[in-house]
1. So which helices (runs of 4 or more DSSP H) stay within region 172-259 end to end and still have 1 or more residues that are within 28 Å of Lys280 (Cα to Cα) and in contact with a strand residue (DSSP E or B) (Cβ under 8 Å, 6 or more places away or on another chain)?
2. I'm trying to understand the selection: among the residues of region 19-65, which are under 16 Å from the mean Cα position of the chain (by Cα) and at pLDDT 95 or above?
3. State which residue pairs qualify: first residue on the phi > 0 side of the Ramachandran plot and inside region 155-168, second residue hydrophobic (A, V, I, L, M, F, W, C) in any location, beta carbons under 6 Å apart, and separation of 6 or more residues or different chains.
4. Can you tell me which residue within region 179-202, out of those that are small (Gly, Ala, Ser) and either over 17 Å from the mean Cα position of the chain (by Cα) or under 16 Å from Val291 (Cβ atoms) (or both), is surrounded by the most Cβ atoms within 10 Å (Cβ to Cβ)?
5. Name the single residue, out of those in region 101-145 being assigned to a loop (DSSP other than H, G, I, E, B) and farther than 24 Å from Leu271 by Cα, that is modelled with the lowest pLDDT.
6. Which of the following residues is in contact with a helix residue (DSSP H, G or I) (Cβ under 6 Å, 6 or more places away or on another chain) and among the aromatic types (Phe, Trp, Tyr): Tyr172, Tyr88, Tyr182, Tyr165?
7. Assuming Lys164 fulfils every condition listed in (1) closer than 18 Å to Thr56 by Cβ; (2) surrounded by fewer than 22 Cβ atoms within 10 Å (Cβ to Cβ) apart from one, which condition is it?
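The values are calculated or read from the model by the stated rules, or taken from the named source; none is laboratory data. What you see is a predicted model, and the numbers here were worked out from it, not measured in a lab. So basically every Cβ, Gly included, is an ideal-geometry build from the backbone, and we count neighbours across all protein chains shown.
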Amino acid sequence: MKKVLIIASGGGHTGHSVALAQYLVDLGVEAEFVIPENDLWTRSSVRPYGEIVAETPKFLDPKDPLYLSLFKAPPAIIKSIKRIRGRYKIVVASGSNHSISSAISAWLKGSDIVSFEATERFLEPSRTIKILGGISKIVAFQWEEQKKFNPRGLVVGPFLGKVKYNAKDEGYILVTAGSYGYKKLFDEISKTDLKDVILQTGKVDPNQYKNSHKEWKAFNFDPDIERFIAHASVVITHFGRTAVESAIKYRKPTILSPNIEWKWMKNDIRLKESEIMAKKINAYYLRPDEVSRENILNAIEKVKKMSPPFYEDGAKKLADIIYSML
């Protein structure tokens with residue numbers, strides 16, 4: 001059987017990796033995974049599609065300056081070499097710092113590297129592409145704007161993955177801001193008189209919203225958040241894969257509200273990129289300084305009249321390319 005190792009690096013990167021794995025498995029390819037250490041969500045997400053062969057450390061945290069790689073890289077690569085025991089013809093690296101040490105260790109063992117850029121990048125490349133671009137057989141991009149990051153890159157389209165649920169409108173507003181949560185956004189929505197809200201809070205305590213809104217469904221995490229996206233009337237989310245999945249994959253009216261409480265987003269370039277993404281997927285863009293009860297209610301009404309564009313699934317296209325390489 002043909003086999004591929006996929007480095008599923010957490011958060012949206014794991015979502016992209018699962019989307020790719022779905023199509024590879026359909027082609028008869030055996031997928032195996034490397035995941036971040038102690039990442040329970042990634043572990044549960046990839047298990048249906050293949051075996052987890054290693055858990056490896058992060059190369060750098062998003063907030064770390066690049067010079068720290070001089071100190072963090074050697075031990076991370078050594079650990080990865082020890083933990084990734086097999087030799088694979090192709091190893092796929094998702095656009096996260098976690099992918100770097102694992103991909104380098106696999107490359108040193110003779111594997112061909114396929115790397116793909118994160119969905120959030122429009123103006124500057126991720127560290128992953130900066131570091132792995134030179135040793136990758138293929139650098140796959142999700143948007144035309146990313147082509148400038150590497151002249152050898154190939155634009156395949158946004159990674160969507162298979163539609164898991166039939167899209168329908170059950171009348172509720174889904175609010176989700178990823179694993180970190182966005183307390184200001186949640187607090188302002190809590191001031192509204194909206195009755196039918198499903199709120200995923202991430203690291204923010206959901207109990208305060210449960211107590212003040214008995215009719216709401218509030219929780220930290222749900223590994224099957226896609227089900228809530230598919231059945232929502234409107235989705236309010238942050239800058240990342242969920243916005244693309246909501247608007248493009250499930251055709252949902254989507255409000256994109258970049259979460260500046262997350263350190264990675266406290267950056268003018270990131271904010272500009274979030275605005276670009278909103279335009280690409282025709283989401284309503286709710287600026288950080290516009291997050292208020294009144295503006296949220298106004299956005300909900302306006303976004304219902306906005307239609308998302310259509311894109312081909314980049315995960316399927318990349319899966320076909322990888323299969324031809326095998």
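1. Values: elements: 183-190, 207-212, 225-230, 241-244.
Here the list reads 183-190, 225-230, 241-244.
2. Across region 19-65, the qualifying residues are Ala19, Leu20, Ala21, Gln22.
3. So the pair list comes out as Gly161/Ala19; Gly161/Ala315.
4. Step one: of region 179-202, the residues small (Gly, Ala, Ser) are 179, 181, 190, 202.
When the remaining residues are screened for being either over 17 Å from the mean Cα position of the chain (by Cα) or under 16 Å from Val291 (Cβ atoms) (or both), the result is 181, 190.
Working: Gly181: 22, Ser190: 18.
Per the stated criteria, the residue is Gly181.
5. For region 101-145, the residue satisfying everything is Lys109.
6. Working: Tyr172 fails: in contact with a helix residue (DSSP H, G or I) (Cβ under 6 Å, 6 or more places away or on another chain); Tyr88 fails: in contact with a helix residue (DSSP H, G or I) (Cβ under 6 Å, 6 or more places away or on another chain); Tyr182 fails: in contact with a helix residue (DSSP H, G or I) (Cβ under 6 Å, 6 or more places away or on another chain).
Criteria check complete, one pass: Tyr165.
7. (1)
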